[in-house]
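A.B. asks: This is the structure I have questions about; it appears just below.
The values are calculated or read from the model by the stated rules, or taken from the named source; none is laboratory data. All of these numbers come straight from a predicted model, not from anything done at the bench. Cβ: placed from backbone, ideal geometry, glycine included. Neighbour counts: every protein chain shown. These accessible areas exclude ligands, DNA and RNA; they are computed on the full protein's heavy atoms, side chains included. Shrake-Rupley method; radii C 1.70, N 1.55, O 1.52, S 1.80 Å.
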Amino acid sequence: LKIFEIAPGAVELFAFQNDETLGESASFKTHGKLLMTTVGQAVGLLRDGAALAAFLTSIAAKDPGFNLLPEHFPVVGQALISTLEGVAGGGWSGEVQAAWVAVWIMAVTVLVPALHSSEVRNVSNSDHSSASASMSNQDTSKAASMSNDHQIRALVEESWGRIVGRIDEIGVAFFLKVFEIAPEALQLFSFADVEDLAESPALRVHARAVMDTVGRVVAELNDMSSLVPVLKDLAARHAEYHLAPEHFPVVGQALLFSLEQALGSKWTPDVQTAWTAVWNTLVAVMVPALQMAYFEMLPEEERSRLLVERSWVIVSQDSETFGVDLFLEIFAIYPAALQLF
């Protein structure tokens with residue numbers, strides 16, 4: 001449900017897209033259970049990097065007919081982290097979130113290259129198991145190595161070091177790409193009416209600020225517990241500037257394009273995968289923080305209404321179990337009430 005709240009168009013990728021009430025759809029529930037079972041299997045393999053890489057690669061190979069693409073991962077990651085936070089309640093801390101974000105990064109760094117593989121993309125459903133089995137040990141070892149946090153950091157830090165001296169021009173190129181992809185985004189900035197954007201001092205100030213932030217993220221990749229609060233604070237402050245979750249895909253596309261142009265031949269598939277993982281980290285942390293900032297800006301009455309509605313969505317998924325628990329709690333508090341039934 002969170003995925004479809006973030007990206008309503010995603011429901012069209014599924015067979016249950018025409019079901020009137022998703023919460024009651026048998027097909028929808030089957031997909032939900034399968035997804036969480038898969039997450040559980042991945043968690044069970046966290047102590048065995050090679051086995052986990054092979055498992056995740058097999059998931060990419062078994063793409064169930066709806067053309068899973070790398071650009072879907074930020075939405076899925078955001079929805080997963082947000083859902084886990086909602087279910088965990090008071091047990092969800094900054095350290096827990098940082099740990100789950102790290103796991104998500106690891107998953108993405110294996111899944112994205114697998115999705116890019118022509119072997120995976122061209123295999124038919126009937127050949128999925130044989131295709132997975134035919135993957136060479138070299139391919140699996142490479143996927144496993146790319147799932148290593150140190151490898152991700154090394155690639156990002158090395159590539160950033162190559163271009164850090166040109167961040168002003170890269171920042172300007174980044175903003176120009178954002179406005180090329182989404183011209184309406186220009187209206188969010190004070191320099192919206194400037195004729196020559198590339199020469200705008202105001203744009204250059206914004207561009208430098210964005211690139212400085214990217215540099216700080218790169219510098220703190222080795223300490224997720226410190227980086228997560230920084231990203232949350234950054235997102236919360238941008239709520240005042242009307243940043244919205246739907247802006248992140250545009251920003252991500254423009255950032256990766258700008259880095260690719262700046263790095264040229266040094267922009268390898270491994271570097272792209274590493275930077276994609278970093279971007280997914282930003283999205284997974286910042287979007288929930290942004291939504292929370294908007295939530296806290298609402299009047300108290302509106303916040304209370306939304307909390308009740310959202311918590312009821314969770315309860316309604318298994319109303320029978322919650323109903324039984326309710327009555328057991330009533331009888332525990334007041335045993336004589338049982339005589340009324």
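A.B. asks: Only Cα pairs under 8 Å and at least 6 apart count here; give the relative contact order of segment 177-335 as a rounded whole percent.
C.D. replies: 24 percent.
A.B. asks: Here is a further query. Starting from the Cα gyration tensor of segment 225-341, multiply each eigenvalue by 5, take the square root, and state the resulting semi-axes largest first in whole Å.
C.D. replies: Working from the Cα gyration tensor, I get semi-axes of 46, 19, 12 Å.
A.B. asks: Convert each backbone phi in segment 169-179 into a coupling constant with the Karplus relation 6.51 cos²θ - 1.76 cosθ + 1.60 (shift: θ = phi - 60°), then list the ³J(HN,Hα) values in order as whole Hz, x for Gly and Pro.
C.D. replies: Values per residue, Gly and Pro as x: 5, 5, x, 5, 4, 4, 5, 4, 5, 4, 6 Hz.
A.B. asks: Find how many whole Å separate the alpha carbon centroid of segment 196-214 from the alpha carbon centroid of segment 294-341.
C.D. replies: 49 Å
A.B. asks: Between beta-carbons, use under 12 Å as the cut-off and find the net charge around residue 27, counting Lys and Arg +1, Asp and Glu -1. Provide the component values of the computation, followed by the final result.
C.D. replies: Details: positive: 29, 33; negative: 19, 24.
Neighbourhood net charge equals 0.
A.B. asks: Across segment 149-157, in residue order, what do the Karplus-derived ³J(HN,Hα) couplings come to in whole Hz, using 6.51 cos²θ - 1.76 cosθ + 1.60 with θ = phi - 60° and x for Gly and Pro?
C.D. replies: In residue order, the calculated couplings are 4, 5, 5, 4, 4, 4, 5, 5, 5 Hz.
A.B. asks: Could you tell me the accessible area of residue 150 in Å² (1.4 Å probe, neighbours in place), rounded to the nearest ten?
C.D. replies: 120 Å²
A.B. asks: May I pose another question? How much of the accessible area of segment 186-334, probe 1.4 Å, is carbon plus sulfur, in whole percent?
C.D. replies: Roughly 59 percent, rounded to a whole number.
A.B. asks: Modelled label-to-label distance, residue 198 and residue 320, 7 Å Cα→beta-carbon offset: nm?
C.D. replies: Placing both labels 7 Å along Cα→Cβ, they lie 6.6 nm apart.
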